[in-house]
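Enquirer: Below are the structure tokens for one structure; questions will follow.
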């Protein structure tokens, strides 16, 4: 079992709709969760981070964390063609000495 | 505030050679992490430095090494290059230890080993 799992996609969503990206993790001790967006040929760009159970909203983006079920999701409202990219989920265990583990990413395509 | 810078951006080396990559973090950031990204393996953690000390290391052979200087700039070195080392090498900086703070990535160095 991979430590951080994401559906590789591609996930195709019509423009203006809500895109929902999911990520599950195996380590119950994980404490920090991050979502990155990566355009083709570019480096990852931090979109959101979340540490507590529940929802965290930032503009069109909402991160949702459920530690009991060990999943974290990213919702993108009013999807735009510019949102088409690969979205990487990253998770860190609570130990200060542990490293951040990245999922393999979900390719999102917003169709006009 | 300037972002993370990495040099060089592109590099072509021959198998068996060694290479040094450089990373300058965002001003004021003290933590630097290095990652290797390939199409097949995704983004894999190499090591993390905080205040000139290696805090963590990924599952890479000893040919991969790094260091951090007192100004927080970091270098990574790969000796005896292999074809499989061809990848995008990304540096990420953070105000403090990663996990407690968010990371910001540089543009990367594209290494091609022939």
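The values are calculated or read from the model by the stated rules, or taken from the named source; none is laboratory data. No experiment lies behind these values; they were computed from the predicted model shown. Here the Cβ is made from the backbone with ideal geometry for all residues, glycine too, and neighbour counts use every protein chain on show.
Enquirer: With respect to residue B:103, determine if the residue is surrounded by 18 or more Cβ atoms within 10 Å (Cβ to Cβ), modelled with pLDDT under 95 and under 29 Å from residue A:31 (Cα atoms). Before the answer, list the steps.
Expert: Numbers: surrounded by 18 or more Cβ atoms within 10 Å (Cβ to Cβ): yes; modelled with pLDDT under 95: yes; under 29 Å from residue A:31 (Cα atoms): yes.
Taking the combined requirement at face value, the residue satisfies it.
Enquirer: Applying the selection to the stretch B:72-114, what residues are assigned to a strand (DSSP E or B) and more than 14 Å from chain A (Cβ to nearest Cβ)? Give the derivation first.
Expert: Initial filter on the stretch B:72-114 (assigned to a strand (DSSP E or B)): B:74-78, B:87-94, B:98, B:101, B:104-105, B:109-113.
B:74, B:75, B:76, B:77, B:78, B:111, B:112, B:113, listed by residue number.
Enquirer: Would you point out which residue out of A:58, A:83 is over 18 Å from residue A:26 (Cα atoms), free of Cβ contacts under 8 Å to residues at least 12 places away in the same chain and touching a strand residue (DSSP E or B) at 6+ places or on another chain (Cβ under 9 Å)? Even if it seems obvious, please write down each step before you answer.
Expert: Details: A:83 fails: free of Cβ contacts under 8 Å to residues at least 12 places away in the same chain.
Result: A:58 is the single residue among A:58, A:83 that is over 18 Å from residue A:26 (Cα atoms), free of Cβ contacts under 8 Å to residues at least 12 places away in the same chain and touching a strand residue (DSSP E or B) at 6+ places or on another chain (Cβ under 9 Å).
Enquirer: Looking at A:62, A:86, which is the one that is modelled with pLDDT of 95 or more, closer than 26 Å to residue B:36 by Cα and surrounded by 13 or more Cβ atoms within 10 Å (Cβ to Cβ)?
Expert: Working: A:62 fails: closer than 26 Å to residue B:36 by Cα.
Answer to the selection: A:86.
Enquirer: A follow-up question, please. Taking the stretch A:86-112, which residues are under 20 Å from residue A:39 (Cβ atoms) and within 14 Å of another protein chain (Cβ to nearest Cβ)? Walk me through how you get there before you give the answer.
Expert: Pass one, the stretch A:86-112, residues under 20 Å from residue A:39 (Cβ atoms): A:86-90, A:102-112.
Hits for the stretch A:86-112 are A:86, A:87, A:88, A:89, A:90, A:102, A:103, A:104, A:105, A:106, A:107.
Enquirer: Considering only residues of the stretch A:7-24 that are on the phi < 0 side of the Ramachandran plot and modelled with pLDDT under 95, which is surrounded by the most Cβ atoms within 10 Å (Cβ to Cβ)? Show your work before the answer.
Expert: Initial filter on the stretch A:7-24 (on the phi < 0 side of the Ramachandran plot): A:7-8, A:10-15, A:17-24.
Remaining after also requiring modelled with pLDDT under 95: A:7-8, A:10.
Numbers: A:7: 15, A:8: 13, A:10: 12.
Once the filter is applied, the top-ranked residue is A:7.
Enquirer: Just to be sure I understand, how many residues within the stretch B:1-16 are within 23 Å of residue B:82 (Cβ to Cβ) and out of contact with any helix residue (DSSP H, G or I) (no Cβ under 7 Å at 6 or more places or on another chain)?
Expert: Of all residues in the stretch B:1-16, those within 23 Å of residue B:82 (Cβ to Cβ) come to B:6-16.
Filter once more, keeping what is out of contact with any helix residue (DSSP H, G or I) (no Cβ under 7 Å at 6 or more places or on another chain): B:6-14, B:16.
Number of matching residues: 10.
Enquirer: Regarding residue B:96, is this residue surrounded by 21 or more Cβ atoms within 10 Å (Cβ to Cβ) and under 24 Å from residue B:3 (Cα atoms)?
Expert: Numbers: surrounded by 21 or more Cβ atoms within 10 Å (Cβ to Cβ): no; under 24 Å from residue B:3 (Cα atoms): yes.
So residue B:96 fails the test.
Enquirer: Can you name every one of the strands (runs of 3 or more DSSP E) wholly within the stretch B:24-71 that holds 1 or more residues which are at pLDDT below 95 and farther than 17 Å from residue B:102 by Cα? Break it down into steps so the answer makes sense when it comes.
Expert: Details: elements: B:31-38, B:42-50, B:53-57, B:64-68.
Filter on the stretch B:24-71 gives B:31-38, B:42-50, B:53-57.
Enquirer: Ok, one more. How many residues are within 14 Å of chain A (Cβ to nearest Cβ) and more than 19 Å from residue A:43 (Cβ to Cβ) if we restrict to the stretch B:42-63?
Expert: Result for the stretch B:42-63: 9.
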